[in-house]
Every structure is written in C-alpha cells, then in structure tokens.
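Single-structure report; data block below.
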Protein chains: 4
Amino acid sequence: MIKVGIVGGTGYTGVELLRLLACHPHVAVDVITSRSEAGTYVSELYPNLRGHYDDLAFSEPDAEQLASCDAVFFATPHGVAHALAGELLERGTRVIDLSADFRLRDSDEWSHWYGEPHGAPELLDQAVYGLPEVNRERIRQARLVAVPGCYPTAVQLGLLPLLEAGLIDADRIIADCKSGVTGAGRGAKVPSLLAEASESMKAYGASGHRHLPEIRQGLADAAGRPVGLTFVPHLTPMIRGIHATLYGRLTTEPDDLQALFERRFANEPFVDVMPPGSHPETRSVKGANLCRLAIHRPGDGDTVVVLSVIDNLVKGASGQAVHNLNLMLGLDELAGLDAPAIMP
Amino acid sequence: MIKVGIVGGTGYTGVELLRLLACHPHVAVDVITSRSEAGTYVSELYPNLRGHYDDLAFSEPDAEQLASCDAVFFATPHGVAHALAGELLERGTRVIDLSADFRLRDSDEWSHWYGEPHGAPELLDQAVYGLPEVNRERIRQARLVAVPGCYPTAVQLGLLPLLEAGLIDADRIIADCKSGVTGAGRGAKVPSLLAEASESMKAYGASGHRHLPEIRQGLADAAGRPVGLTFVPHLTPMIRGIHATLYGRLTTEPDDLQALFERRFANEPFVDVMPPGSHPETRSVKGANLCRLAIHRPGDGDTVVVLSVIDNLVKGASGQAVHNLNLMLGLDELAGLDAPAIMP
Amino acid sequence: MIKVGIVGGTGYTGVELLRLLACHPHVAVDVITSRSEAGTYVSELYPNLRGHYDDLAFSEPDAEQLASCDAVFFATPHGVAHALAGELLERGTRVIDLSADFRLRDSDEWSHWYGEPHGAPELLDQAVYGLPEVNRERIRQARLVAVPGCYPTAVQLGLLPLLEAGLIDADRIIADCKSGVTGAGRGAKVPSLLAEASESMKAYGASGHRHLPEIRQGLADAAGRPVGLTFVPHLTPMIRGIHATLYGRLTTEPDDLQALFERRFANEPFVDVMPPGSHPETRSVKGANLCRLAIHRPGDGDTVVVLSVIDNLVKGASGQAVHNLNLMLGLDELAGLDAPAIMP
Amino acid sequence: MIKVGIVGGTGYTGVELLRLLACHPHVAVDVITSRSEAGTYVSELYPNLRGHYDDLAFSEPDAEQLASCDAVFFATPHGVAHALAGELLERGTRVIDLSADFRLRDSDEWSHWYGEPHGAPELLDQAVYGLPEVNRERIRQARLVAVPGCYPTAVQLGLLPLLEAGLIDADRIIADCKSGVTGAGRGAKVPSLLAEASESMKAYGASGHRHLPEIRQGLADAAGRPVGLTFVPHLTPMIRGIHATLYGRLTTEPDDLQALFERRFANEPFVDVMPPGSHPETRSVKGANLCRLAIHRPGDGDTVVVLSVIDNLVKGASGQAVHNLNLMLGLDELAGLDAPAIMP
C-alpha cells in the first residue's frame, strides 16, 4: 500500500479526502495532522468515518513522520504549504497542495491577493498546476502539485475548448458562479449559519475574489494571450456544488460547438459533455469526481453559454487531489474515484 | 371598504394576495374563485390564514359576482384573463392581471411564445404595464393593468437607470437570474419536489424562456431602441426570492453610477439602492414589496454589474399587484405593503 | 406613543422584536443597546429593516436612557436582566425579560441549572410568568414579566387542558420536541453552520436540558402536583419553528378531548385548536404569534398525542413578549400581532 | 458475475439500488423494468449514473428475462410482487422484495391495512423477514425475502435489546420518528414540493400508519408477547434520513444498558452502538448501510430513550436489500456496502 499523510485534516477537504481514500484500493492514510485537534480520533470529529480509520487520530505535525509517506496532501489555509513543502520535497516525499500556495506562477500576484510575501518562491519552478485535463503528462512527472481551486476548475473546464479554438472574444468573458456553503470552509462564521444562509442567495466578492487571478492565468494559457474576465461568485443554500454559468461572445462562426466539446474531452474520465439542450444539475455530481458540461447558444445568436457543474469538495478539491495522486504514482486514474454520485 | 375579487386563488400568488390584503386597511376580499377547489374554505387549503377570512370559501367563477367588485385580480394561468377581462371591464370593474396575458403589446409575439392565438387583442390598447417605477401616472388612470413577471421586475429595475442614461451597450446585455422554487408554481411536478430540487442548482430554459420578450420590451422602452439580451434563469433551492445578476458593458465613462441609481429611485418607496459595495441577500426582502439593488464595477473596468433582489411572490407578483391597486384607486401607495421583510 | 427600549438587540429575538414593533400602532422603539455593536445602525446589521428605524443605532447600555422608557425588553443571555432589572423597576419602568432569568420561582433550582448564583432573588416575588393563557390577569398588573421559553410555551399549551382536567398520568409525560436552528441563537458555532445542520437531524440534551425545570414548574402548576417529564429536544434543518409531540397516558375515560381543548382556549386569540384529525405544520405559524394544536388518540387506546406548533421567535419569544407588553399597558392584545403567518 | 434484475426501477429505491450495485464487485444488473419509462436509458432519468450502466435501459417487465437472473429485486408499489414473485420462485430465481407485500405474516392484517385481498398468501410460508440482525441464518437459506420498511428497521434495531432482555414495559412503547421526504417516494404530490415541505415540520398518520403492524410484529417476536406501541411519524425537511426517538419504561433495574446494546450488536457490521452520551445525526449515515444507536436514561429515572438513525434509502431499503442478496448468495456481507457515509 502507498502511504500518504494529510496536513490539516479537520476541514471539509480533509474529511472528504478521508472518505475518498477509504475506498482507494492502493492507498493507506498513515498520518493526519491538526494542531487544534491533536489527540482526537478522526471518527470522533467525523462520525461518518466510524468503522473506518478507527485507530487514526489527529497528531501534531511532525516533519519526520510526514516525510516517511510517499505523498502528503495539504488541506490547509494558505501559507502552511509554503512553510513545509520544501522540506518534504527534499526528503523525496511528493506534495499535493489543496491550498492556494502554489497555484499562481507569479509570486508577486500571489502577494498582491494574499496580502503577504510568497513563502516559497523557490519552489514555483517545480510546481505543476494540477488540472489533469490540461497538464496530465506534467503531473505524471511532478513532485509538487497545486490542486486547482473549486471555481477555477469549473470555469476553466467550461471555457477551455472555446479559448483553445480561438472562438470567443477573450477580452470579455463572464463567469457567473454559484457555490454551496462548504466552499466557505468549516469555520464558525455568522454568515455561514443555517439561520443566515438558508432560504437566501447573495453574491459576494463582486468587486474582486482571490480565485480571479488563478482563473485568468489558466484561461490565458488556453487562449495564448491575456484575457478579460468578470467573475461574480454567489453563495447558494446548499451544502455542496458549484454551478458556473459562462458567457462568451463568438467572434467567428463555429462549426459545431457540441462536437468541439465532445472531442476535447473524449478521453477524459472525469469530464462529461452532456447531450445538446441539457441543463446539468449540481446534484448529478454530488460526491463524485466529475465535471458535467452543457453548451447553449440562445436564439442562435453570437453569445455562447456554457453550463458547468462540479462538487466543490470532490472535482473542486479532494477528488481532484486523489486524481493527481493517481497520476503521480502511476496508478489507474479512476482508483478510488469510480463511485457514482449520490442522488437524490 | 373597497371590494375586490380574486380569480384563481389556489396558487402561490393567490395565497400571497390574501396574506397581504389581510393587513390592508381599505380592502376586503369579497370573492375568490377556483374551479378545482370550489366549496373549500381558504383556511382549509392555507392554514396560515386560519383566523383570517374564516368565512371565505373558493367559489365557481361567476361574472356577476366578480363584476360587483371594485377590482378583480387574476392569479391564473395564461389565457383565463383573456376570456374574462373584457366583460368585467365593460361592467366597470378594474382588472389587475398577474398572468402574462396582457404584458406584451404585440399580440403576434404573445402567440409565438405561448403557442396559441392571443385571446383578447382588442384590449391591448388599454392595458397598462404595471411597473410603477416606469408607468405610475398611466397606472393611476388605468382600468386594466398587466402586472409584470417576477424575472422582468428584477431585471428591469436593475437596468433601467443604465439604459435610460444610454451608458451601456444595449446590444449585449446579460441577465443571469436565480429563482426560488415558488416561481414554478404550486403544480405537482417531479422536478419541484424537495427530494429533487433541494441540495442542487441548475439552469433551465437557457435557450429561451417566456419572460424574455417581456424583459426585452421593457428594456427597449428604456433604451429607446431594441436591445440584445441573453437571459439565463436558474432554479435555486429556496422557497422565495429572485437574485438577478446583470452585466452590461459601459460605452461611455459615467460620472457616478451609485448617484445615478440613487437619483433614479429617490422617490420610489419600493426600490432600495444599497450603499456602495453591498451584496443584497434575497432574504432581506422576504415577504416584503421591495427591490434592493447594488452596483459594482469590478476592477474599475468597463463592465458594470448590478445585483437586484426581490421576493418573487411579492414585488415579483402579489405585492406589486396590490401596489397597482393602490395607485388605481388613489390610495396611499404603501397601504398593506409597509411591513418589514421577515429575517431570519 | 409608548416608548420602549431593547437591551441586547443583536440576536434573533432582538431583530424579531424590531420587526414586530415596526407594525405596532402604539409603540416606538426609543433605544436599543448592544455592547458589541454600539454605533452600528440596526439596518446595517439587519438589512430587512432598511426603510424602518433608519435613525436607530445600537448604543451602549445606559440606565438613565432605559429608565426613560415605559417598558424595556431584555433580549439577552441569562444574567444580564438580573443585573439591570432592579434599577429599572425602581425607577418605574416595566421590564419584560425574554431570557431565563426570572422564569423559575426557585432560585436554587435556577442556580443548579445555570451553574451560578441567582443574581436577583429579591425580585422573584414580583416576577410574573408571562404565559397569558395562564396568567393573563397577573400580567396585566405586573411590572416584571418573565417571557416563557420556546419549548416551554409549546409544551405547556399542549398539555395544560389535560393536566388541569386531571386526565393523564402526571408521572409519565413525554415531550418529544423538534426545533429550527434559530433556537440555538445567532452565535457562530460549528454545529449551527448550514453545512453541518442542513440535511440532517439529531437529538441533543437527551439527558437534561435547561428548559426542563421551567416546563416542569408550569405543568406542576396545572396539575396541582409535581410531574414526571421526559423531554427530548431535537435540532431540525429549518430556520424557524417548534413542533412538540406530546404523549400522555389517559387515567380516566374522557368525554371529548377535542371539546375540552376548544373550551379551554375558546377566548384565546393566539391559540388555535385545529379540527379533529389535523396535523399542524410549523410553517402555518411562521412569523405569527400563534400556537396551533391538534389532538389524537391513536387506535382509541389510552395514549393521547397532542401536536403543538409555534414559531420559536414569535409565540416562543418576541411575539409573546409583545403580547405581554400589550397586556401590561392595557392595549388591544392583538396590537402588532395580527398579521397572518407567511406561507409558503 | 451474478445477474440481477430490478422490477420497477424508476423510484428512489430503484436508483439507489443502481448506485450501490455499481460498486458491487460480484453483481451485474442485467435488466431493469418500468412500464412508464420503457425505452428510456437509466442515465437519462438519473444523470448521476451517466458513465455507469450506459447501455442499460428500462424495459417492459418480461417474466422470461427476469427468470434468467439469479435474483430479482422488487422496488415497486405494493401488489406487484404478489403478482410476479410466484412465477420467478418456481423458475428458481430468488426474490428480494422491497415493498410491503410479504412483510406481514398474517394475510388478514395485510388486507386490513392495504384495503385489498392479499395477492399471494400461498407464498407467505417461505417468505423470510429480511432483518439480518434477527434472521441472518434464515435469510441465508431463503428464496423469498421481504426487506423491512424504513421506520420498522430504525425502530426495531433500537428496541430489540431491551425487549429481548425483558427490561421494558412492552405494553407502552413510544416511537417518535422523523423522516426525510424521500420516504414519501418520487410521486408528484403537492405536499412533497420543496415550496411546501421545506422550512417546515409536521406529523402525519398520527392515528395510524401502515408501518405500525410491521413494527408491532417484529417487536412482539423480540418480546415473546404482543406489544403496545404508539408510533407517530413526522415529515422533516431533508432528503434522506430517519431519526427514531424511542421511549420505554424500565420495569426492572438493568445492569448496564450500554453494555447490553454493545453485546447485542457486537458482530453486526451494519449496527453501530455509539459511546455513552452520544446523539447520532442522520447525516452520519447518509448513503451508508448503517444504523447508529445511542442509549440515554434521563435523570437516571425509569425511562430509557434510544436514539436510532438510518438512511431510509440504504439501511431502510436498498442497502438492506443488497445485504440480503449477499447473505442469500453466500457473498461477503460487506460487498458493495463498505463505503463511508458522505458528510458534510
């Protein structure tokens, strides 16, 4: 069995990693760290895991122990992987970082959005952006992978075919995104209370959100030029799920948008291009490592609308992290990721 | 007391009319009709009304009885008001139609979207579109008012100031709208079940929705020219509420968008322009006849984003209908409509 | 206008008081205090109140200013009314306490459940338990009213007729209660997050809850003897509402339970005995100061089941507080409390 | 691979069977029938299954084809298995019936509750009640299994240890049960709409519910005598989950209730007795074939309270059906049933 560690496992991406890895045929979780919950059994904090991991308790982070793993996931706030990744990499341990620490190639831009100096700019060269649908081969060789954010995953997968083919105006892209509340994490904040967030909907960060530069970077890579993006995230009264509604202006008459998308993702096990006319529901991917897409062209005009749904905790975080692990270790890509979504 | 009737009162807009009118100081509901529930007391169908309207039962529609009212609301599927409005108007009864029957001025366009001939084209001349923020004076004189749809209300109020001032590209407007499930009515349909619609989100009608021509008509009036609009509605897991996120491209450098909106709605009792940087929540208008707006300009670029929230059953339907009644009858505009939203 | 003050107005019972009082014809809120939010306008914290109370801001508690009010509500954690009520009463201001400070007549029992000495035992003599259906006349004369808790209100109203008539075994009563999450307050706690509390249900405090002695005290008064009560509260994924399911064993064959309940509450404006066979829904009282009851006797056996629903923030807190205010000041009991529940 | 068929696969228990069997290492679904959806691919109706079962479409029921399977599940309304089971059994196919057709041993009682004659009384002798924690050995030998209902599973597992040990008054048991809305099936009914069932709670069937005789039969078996049971189910605003709160009066001083339960279920892979003081959440079993239990004795009195949670679609239906299949076919009991619950 492959030994893995998880740093900072008390949040939602941590417990989701544990849930997914419980079904992984080749991986065993050897260590999971948490300063705040050191000594607590994971099944105390997450009773859904009772019967699995019964001997696994959170421990204080210990570099020695983590370095003994084949790979270590960081399910931490930004900054933590900056501090620890270097040592692990030196000792030969692969690092899969679910935080934002290594997603931006430009450390200055990182500093701008996170309000502090980048903690490990020397590692940026070897960091691979872990979107397998773009970087599969590089991920296979990588020692350090930055798992994409949830919004960036949903938005990029929905726009890549259009930008790679140069079909839409790259200066004027709109991504209207709706997320369930687990996107805000497990922190105890008043706006995330059921009494506050249920039976309501609101936008947030309409004037600027930390996922914006990550999305722009990815879209620019696809377009081969900088892009202009308006990105408005919304908080939606559901636990899991992201629905990205993407708007682009066609600058050339395309042959067949549906076929374009189907070709682009033909060999992708975790992207599902739905039939023409579809409206994917977020629940159709709940718990599964999938992005489902549908393409519309209202009134046969020059606006193309792409609907893209993921489970923010799976394809938007922990599932994609496991996919990266599988690639890095030469395992079957679907290992641990082949269960259907749960519905209803 | 002013006597009013309600045709087709078993749906959500019907019960919401009853709830609002229970607090109206000058209005008494004299008759409420329903073919399917004739003989049932309203408080049997809607136990929230027990203690109010205890003697009021649904009855078979009777033109005589309806004509004895000062005003009659139609809370019916499309087509019903076409059949009955003419007779009521002839007998001197005011008609306030919450359905789509008289919203479009062009009967051909109506036929196109509803798939049948317009049933009362001869009445279109006297029908007034009941958006008080645009047509207040005409409503005061009207005998037949078409209450705007829920999406059209939220979208128009958010875009009117920009279009009237000629600030945005009228050819390329995007309205990304999210609605609670009462927008789909009280019909027993599988997709509206809690087990289907909860914990999920999806777009629908991305390639064309019946509210599109109504919105285009209103926006064109404001712009003084035809507009190009992409309108994508989404189903959101909440009971009430619409959140419209509106995107326009500035074609000229505006002075002060916030001030523009504040001026435009300075005397409007039911439109609230929130402070700069706000993100209105739909729950902040739950149960209240209000539209709250916020204006954003991300990154000081040329895209303006307007956030517009209403309660689809109140400002998007029954509350706006009562507002029209107040105007038509020369009552205080706020009569029956002055209670705060319920929150949490 | 009657001048009232609110101490500790940032929680859910505070904002609900403001919502209800905004529609009260005879009351004006003169002062609202909060140490943590001093200086903040109430409409900033609660945007549903924009357009109402526009000049009202939270202020530091000031005894002078509070004493200038005709009545002061305490919407505070326990202990605060202990400290301030005495001074206000001395200066002639009526006190309506929504906290638990004066609900138990026995200060030792209070200390036992709250883990600290009772802070104002000298006031207990004049404190009246504010359940109007039991103590209406005493409330009219009272200067200090302890508004009942939410669970105690729902449970007592459902059991009073049976205990007063001596029909059930008072040693073995079961109250299985389900509450929405606002019952847990507006504190930022992980278990109250939407991501934790939604799509789930659980009991809590099964081995003992602070509302138990209050309920026992009220039931014992009704029975004229001590009672044995098993009380299990549950957290339910909804914002508002309490559903109490009450089980008693009939010790004598009753004449007509339905008639008994109807007689007992015949003149009560805020208790609704539903027709035989009914199953009241919590939403039928959402936002309204009502308790709806239904009585069942499954299989005509000797177990009686009473279903009792309230809105925990209205009949279970702020609405009942306003009812008490109306009684204390000789106003119409329904003043400010006559709007129907909001449904759906 | 073992070939199975599913009769009536369009409901929630049908899709849940498909979800679980997709992860079963030894089973392939060969045929799934539906009269209303014949010709539709399962992944059209249930997009969560896209990528699984891509060639599987609903077909008209065909006895020949069904009889070619090793086992056939009935996920049908009552009456269907009555009509078809006999022929399948004769041809040597095992039958696992998720409906109520073979749960009651007494065909008269069945007729009483279902209002029609029992359709296959001659098969009752060979029908085994499929609660593995009671009938494991008989299930291993069975050709026809009646999978227990959801409420009956949660209630029986919570009470069996107490009744088998003769510790509680069997004449006076109370089961207060709360269910998510999938318990009401996928039928399009107004009360199950999100707009009706969300943000609310209600009891139903307080005077009698079809699961009552099934529960009584099972409890009587455990007690070795008839039992008196009051059973009140409630509808709760969540998709999945049952929470049973069970009340019994101790008639003898027990040694150690916690130890009693732990011993009783020590070898049961799908029953989890939680530590003393626990309050199991329904979400802790979401998607998993588990019943979690906690035992309380409030105030050390003579009332014992058992909290029992299951996922109504898994341990309360399809998961338990797969467990029965595993037993009948001599497979590992955990095959297809070992994934953790999904949380949050």
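None of the figures in this text is laboratory data; all of them are computed from the coordinates on show. Please read these numbers as outputs of a predicted model, since none were measured by experiment. Glycine gets a Cβ as well: all are built from the backbone with ideal geometry, and neighbour counts include every protein chain shown.
When DSSP beta bridges are restricted to pairs lying wholly in the protein assembly as shown, around 45% turn out antiparallel. Going by the alpha-carbon gyration tensor, a ≥ b ≥ c the square roots of its eigenvalues, is region A:132-213 rounded (a/c under 1.5) or, if a/c is not under 1.5, prolate (a/b greater than b/c) versus oblate? It comes out oblate by the Cα gyration axes.
In nanometers and ordered shortest first, the copy-to-copy spacing of the A:G115 label point, defined 7 Å from Cα toward Cβ, is 3.4, 5.4, 6.4. Relative to the longest principal axis of the Cα atoms of chain C, the long axis of helix C:132-141 makes an angle of roughly 40 degrees. Backbone geometry of region D:3-16 corresponds, through the Karplus equation with coefficients 6.51, -1.76 and 1.60 at θ = phi - 60°, to 3J(HN,Hα) couplings of 9, 10, x, 10, 9, x, x, 8, x, 5, 6, x, 5, 5 Hz, x marking Gly and Pro. For peptide C:264-277, the mean count of partner chain Cβ atoms within 10 Å of a residue's Cβ comes to 1.
If you rank D:I310, C:I174 by fewest surrounding Cβ atoms within 10 Å, what's the result? Let's see the in-between values first.
Details: D:I310 34, C:I174 23.
Arranged by neighbour count, lowest to highest, D:I310, C:I174 become C:I174, D:I310.
Mean residue ellipticity, 222 nm, helices only, chain A: the sum of -39500 (n - 2.57) across DSSP H runs of n ≥ 4, divided by residue count and rounded to 500, is -8000 deg cm²/dmol. With the charge dipole of region D:151-313 set up from +1 on Lys and Arg Cβ and -1 on Asp and Glu Cβ about the Cα centre, the Cα lying farthest toward the positive end among the listed residues D:A294, D:A259, D:G185 is that of D:G185. For chain A, relative contact order (Cα pairs under 8 Å, six or more residues apart, normalised by length) works out to 18 percent. Annotation: average projected area of region A:116-162 is 4.2 square nanometres, based on the convex hull of Cα atoms across all directions.
Within the P(r) computed for region C:151-312, what percentage of the Cα pairs occupies the region above 20 Å?
Values: 6458 of 13041 pairs.
Every Cα pair in region C:151-312 considered, those over 20 Å come to 50 percent.
Most fluctuating residue of C:K315, C:K178, C:K189 in a GNM of chain C with Cα springs under 10 Å: which is it? Ranking C:K315, C:K178, C:K189 by mean-square fluctuation puts C:K189 first. Report relative contact order for region A:1-136 in percent, whole number only (criteria: Cα-Cα under 8 Å, sequence separation at least 6). The normalised contact order for region A:1-136 reaches 21 percent. Each of the peptides B:180-186, A:69-75, A:201-207 was scored by the mean count of other Cβ atoms within 10 Å over its residues; in descending order, highest first, they stand as A:69-75, B:180-186, A:201-207.
Taking 8 Å as the Cα distance limit and 6 or more residues as the minimum spacing, I'd like the relative contact order of region C:157-233 as a percentage. In percent, rounded to a whole number, it is 53. For chain B, the longest principal axis of the Cα atoms and the long axis of helix B:211-223 meet at an angle of about 60 degrees. Electrostatic bookkeeping for D:A288 treats Lys and Arg as +1 and Asp and Glu as -1; over the other residues with beta carbon under 11 Å from its beta carbon, the sum is +4. Within 10 Å of the Cβ of each residue in B:17-26, the mean number of Cβ atoms contributed by other protein chains is 2. Hey, what angle do you get for helix D:319-328 against the long axis of chain D, alpha-carbon based, 0 to 90 degrees rounded to 10? Its long axis makes an angle of about 80 degrees. Per residue of peptide B:185-193, the mean number of Cβ atoms on other chains within 10 Å of the residue Cβ is 6. Shape class for the protein assembly as shown, computed from the alpha carbon gyration tensor (a ≥ b ≥ c): rounded, with a/c under 1.5.
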